[in-house]
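Engineer: First the structure, which I've put down as structure tokens, then a few questions once you've had a look.
The values are calculated or read from the model by the stated rules, or taken from the named source; none is laboratory data. Remember, predicted model here, so these are calculated numbers, not experimental data. Neighbour counts are summed over all protein chains in view; Cβ atoms, including those assigned to glycine, are modelled from backbone coordinates with ideal geometry. Quick note on the areas: whole protein, heavy atoms, side chains included, nothing else; ligands and nucleic acids left out. Shrake-Rupley method; radii C 1.70, N 1.55, O 1.52, S 1.80 Å.
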Amino acid sequence: ELAESGSDFDAPEAPHVGRLMCRDWKPTTKRGRVLVILQAMHKCNIRIGPTWCCPWHAAVDKMKATLTMFEGYECAKRFCVRGNWQCATCQTLQSAQQTKEIGQSESVEECSTCGYAAGLKENVGRCS
């Protein structure tokens, strides 16, 4: 349900204020940012304490705590985005290693973020 269109993260964003981290790329869409964070959450096996209503809210809390920890770090003025191509759909940056081979001389770029979103429906309920 989070990966589908029409959700809150497809709503228009606030007017553009500030500069992009890298002017060579378009800004990542809200949907792209949501999917990147959701993908990271699915890669973290966390403990669900007795005070949590569900694994989802426990995972959200752990990710928020991690981001809050990052806020306390020293400034990283040279921090930048990484990738050598950008998905036209979600605008996340991708690496050449994510290219799928289609034979000897032909290849196609597949967005790992959009591919992840497509696979979410197939993998619902795999944990117990």
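Engineer: Check residue 119 against each of (1) open to solvent by less than 40 Å² (accessible area, probe 1.4 Å); (2) outside any loop (DSSP other than H, G, I, E, B); (3) modelled with pLDDT of 90 or more and name the one condition it does not meet.
Structural biologist: Condition not satisfied by residue 119: (3).
Engineer: Anything in the stretch 29-46 that is open to solvent by less than 40 Å² (accessible area, probe 1.4 Å) and more than 8 Å from the chain's Cα centre (by Cα)? List them, or say none.
Structural biologist: Listed by number, the list holds a single entry, 41.
Engineer: I've got another one for you. Quick one: how many residues across the stretch 31-57 are in contact with a Cys (Cβ under 9 Å, 6 or more places away or on another chain) and closer than 16 Å to residue 81 by Cα?
Structural biologist: 3
Engineer: Follow-up question, since we're still on this one. Enumerate the pairs (first residue in the stretch 17-30 and within 8 Å of residue 81 (Cβ to Cβ); second residue anywhere and β-branched (Val, Ile, Thr) and assigned to a loop (DSSP other than H, G, I, E, B)) with beta-carbon separation below 7 Å, excluding pairs fewer than 6 apart on the same chain, so at least 6 apart or on different chains.
Structural biologist: Pairs found: 21/81; 22/81; 25/81.
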